Every structure is written in structure tokens, then in C-alpha cells.
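Data first, discussion second: the structure below is written as C-alpha cells.
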Amino acid sequence: MLRAVGLVKSFAGLHGARVRVLAGVDLAVAPGEYVVITGASGSGKSTLLNLVGLLEDPDAGEVWLADRPLSHASRGEKSRARGRLIGYVFQSFLLVASLTALDNVCLAARYVGGDRAAARRRALGLLEQFGVAHRRDHYPPQLSGGEQQRVAYCRAMLNDPPLLLADEPTGNLDAEQAGAIREALRRRARSGGAVVVVGHRPEPTQDADRVLTLTEGVLK
Ligand SMILES: Nc1ncnc2c1ncn2[C@@H]1O[C@H](COP(=O)(O)OP(=O)(O)OP(=O)(O)O)[C@@H](O)[C@H]1O
Ligand SMILES: [Mg+2]
């Protein structure tokens, strides 16, 4: 489902220096596989997820999704691939402040077309499943961090993406809510989805088929 080869990424640091965050990351994730990537804060986990999710381009290397190389594809091709193949739960949620919780979830359907009424029904079902249906008409700034996180998760799941990328997906949740999200991630993997979770807390690793550690710019 996902294959990343030799990903290198650096950022501009102070005084013109470059800071190399990823120094040649290789990663392959099969359908139905649940992979957890841990690493210290600042080790490059979110950077790696952004490259794999086609939100940023690597300096070198290539990301393959569903057997197609996409790192150097056109913007249009990348955004179509994102809509069709990827659900992304961002570390900072990235909900749209001017849209209600329900409309934020429904937004995911816009990028793939299809029946809007069906998408709305599905969105309501997901909000129900994650215990935030009573917040459907609220705007993100009116929601707690954990509520925003669960809405973001519903949005990522709406299109049933074959690849789910989640950045610290239970970071703001209490134990019960975190358990519900983890159960949903496991269920996705069992039904054939590829799941990649990054997080610096050791707690999600017990569910994983594989646990990798990002350290000094490479995965081990
Ligand atoms: N756009 C950017 N410009 C400059 N530096 C960046 C940029 N994005 C990330 N970095 C740097 O890259 C390093 C890795 O950041 P990243 O957010 O990937 O870490 P992380 O492992 O996700 O950390 P955390 O666990 O705190 O979320 C950090 O040192 C950060 O300052
Ligand atoms: Mg991060």
C-alpha cells in the first residue's frame, strides 16, 4: 500500500545552516498492517508523516502509494491521490474554524465527489460512534481538545481510506476515549486498511503489528 524509499528532508536552520531531519527513511506498509512509529519529540515523526501523506516533498527519495510513485507527481495528481487513498489525523487537528463539527467531517467527501446525503449520514454515524454527535452543530473553537481530535478522526475516516495516517491520535484523550480510537484503528487494520500511527508516548505500541523508532533521521 505504502512504500517510502530513501526519504531525505532538511529545513533551513539558524545562520543559513541546514538541519537534516530525515536522512534516508525506508518504510513499507502492507494492506491490513498496523505500524506504530515512535521517537523523541523533534525526531521528525510529523515531518515523515507529511512526506508520506504527500503534503510536503522530500529533498530526495520517493513515496509510492498503491504502486505509483507520487513524490514528483503534479499537484493535481497528488491531491487526487490524497482524496482517494489517505485519511490524515493531524497533530493539531486542522479543523476549519468556520464550519461546524458535522460540516468539518463532511468536508472530506467533497474531495472525492459522490452522494452528499450518504456522506452526511455516514458522518453522523461516525460522530455518534466517537461520542461527539451532540457537538455536531458546534464550531471547533467551542470544542475541547479531545472533542476536536475525535472530530478530526471522523473526518479522516469518512471516505474509508485504504491508508490512515495518524499523528499522536490519542494525545488529548482520556483513557476511555483513547481506547475507543485505538479499537477503531485496530478494526481498520483487521478489515484490510493500512494504518500508520506516530506518537512519542509508548502506550499505543501494544496494538501494533510492528513498532519502529525514528532516531537520528532513520527508522530502526
Ligand atoms: N517547516 C519547518 N521549518 C523548519 N524546521 C522544521 C519545520 N518542520 C519541522 N522542523 C524541524 O524538524 C524537526 C522535526 O520536527 P517534527 O515536527 O517532525 O518532530 P516530531 O517528531 O513530530 O516532534 P513531536 O513529537 O514534538 O511532535 C524539529 O527540529 C523541527 O523544528
Ligand atoms: Mg509531531
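When you go through VAL25, VAL19 one by one, which is the residue that is loosely packed, with under 13 Cβ neighbours inside 10 Å, hydrophobic (A, V, I, L, M, F, W, C) and either touching a strand residue (DSSP E or B) at 6+ places or on another chain (Cβ under 8 Å) or modelled with pLDDT of 95 or more (or both)?
VAL19
Which condition number in (1) more than 16 Å from ligand 2 (Cβ to nearest atom); (2) more than 15 Å from the chain's Cα centre (by Cα); (3) buried (at least 18 other Cβ atoms within 10 Å of the Cβ); (4) closer than 14 Å to VAL36 by Cβ is the one that GLN177 fails?
Single failed check for GLN177: (4).
Under 6 Å by Cβ, and 6 or more places apart or on different chains, what pairs join a residue from the stretch 35-46 that is of a type in the set (A, V, I, L, M) with one that is more than 8 Å from ligand 2 (Cβ to nearest atom) and in a strand (DSSP E or B)?
Correct list of pairs: VAL35/VAL29; VAL35/VAL196; VAL35/ARG210; VAL36/VAL197; VAL36/VAL211; ILE37/LEU212; ILE37/LEU214.
Could you run through the stretch 40-70 and say how many residues are surrounded by fewer than 22 Cβ atoms within 10 Å (Cβ to Cβ), within 9 Å of ligand 2 (Cβ to nearest atom) and on the phi > 0 side of the Ramachandran plot?
Count: 1.
Taking the stretch 96-111 on its own, how many of its residues are closer than 25 Å to SER144 by Cα and outside any loop (DSSP other than H, G, I, E, B)?
9
For the stretch 136-153, enumerate the residues that are closer than 13 Å to LEU99 by Cβ and in contact (Cβ under 8 Å) with a residue 12 or more places away in the chain.
ARG136, ASP137, HIS138, TYR139, PRO140, PRO141, LEU143, GLN148, VAL151, ALA152, listed by residue number.
Where in the stretch 149-220 are the strands (runs of 3 or more DSSP E), entirely inside, with at least 1 residues that are more than 28 Å from ARG84 (Cβ to Cβ)?
Output list reads 210-215.
Please go through the stretch 154-172 and pick out each residue that is touching a helix residue (DSSP H, G or I) at 6+ places or on another chain (Cβ under 6 Å) and modelled with pLDDT under 85.
Correct list: PRO169, THR170, ASN172.
Is it fair to say LEU54 is farther than 25 Å from ASP209 by Cα, at pLDDT 95 or above and not charged (D, E, K, R)?
Taking the combined requirement at face value, the residue does not satisfy it.
The values are calculated or read from the model by the stated rules, or taken from the named source; none is laboratory data. Every value quoted in this text rests on a predicted model; they were computed, and no experiment measured them. As a convention, Cβ positions derive from the backbone with ideal geometry for all residues, glycine included, and neighbour counts pool all protein chains shown.
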